[in-house]
């Protein structure tokens, strides 16, 4: 996509904006849709090491890409949307994700067998099954 934007810039489709610290990732389909790609997280990690500041990614990859700190992640759906964004015709907010919220694990059980009255044989069978025996 980098080459494509160089061409679009040279023919006047995109304003003269500085794209030196911008990386474009995604698969461009023939109908102009920007499709999800695999391996977005390691690509973004390497981009951050290379001092890239902004990455324009498919909207389906934007949450995963935003896990990398110090990067502005712009999620887009179509090539037309990217061109309008670069020409400042539309504003696309950068994707932010709460990393602590993603990795927070709630270990509290949803229910407790102490609340079940009677049914001793069924409770015993559930305990055995939970322990890994059949």
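Derivation of every value follows stated rules applied to the coordinates shown; laboratory data play no part. As the structure is a prediction and not an experimental result, all values here were calculated from the model. Note that we place each Cβ from the backbone using ideal geometry, even for glycine, and neighbour counts take in every protein chain shown.
The table below lists the values:
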| item | result |
| --- | --- |
| The range 51-68, subset in a loop (DSSP other than H, G, I, E, B) and out of contact with any helix residue (DSSP H, G or I) (no Cβ under 7 Å at 6 or more places or on another chain), residue surrounded by the most Cβ atoms within 10 Å (Cβ to Cβ) | 66 |
| Residue among 86, 71, 41 that alone is in contact (Cβ under 8 Å) with a residue 60 or more places away in the chain and touching a helix residue (DSSP H, G or I) at 6+ places or on another chain (Cβ under 8 Å) | 86 |
| Filtered residue count, the range 85-104, keeping only those that are out of contact with any strand residue (DSSP E or B) (no Cβ under 6 Å at 6 or more places or on another chain) and under 16 Å from residue 26 (Cβ atoms) | 2 |
| Check on residue 34, under 17 Å from residue 86 (Cα atoms), in contact with a helix residue (DSSP H, G or I) (Cβ under 8 Å, 6 or more places away or on another chain) and surrounded by fewer than 19 Cβ atoms within 10 Å (Cβ to Cβ) | no |
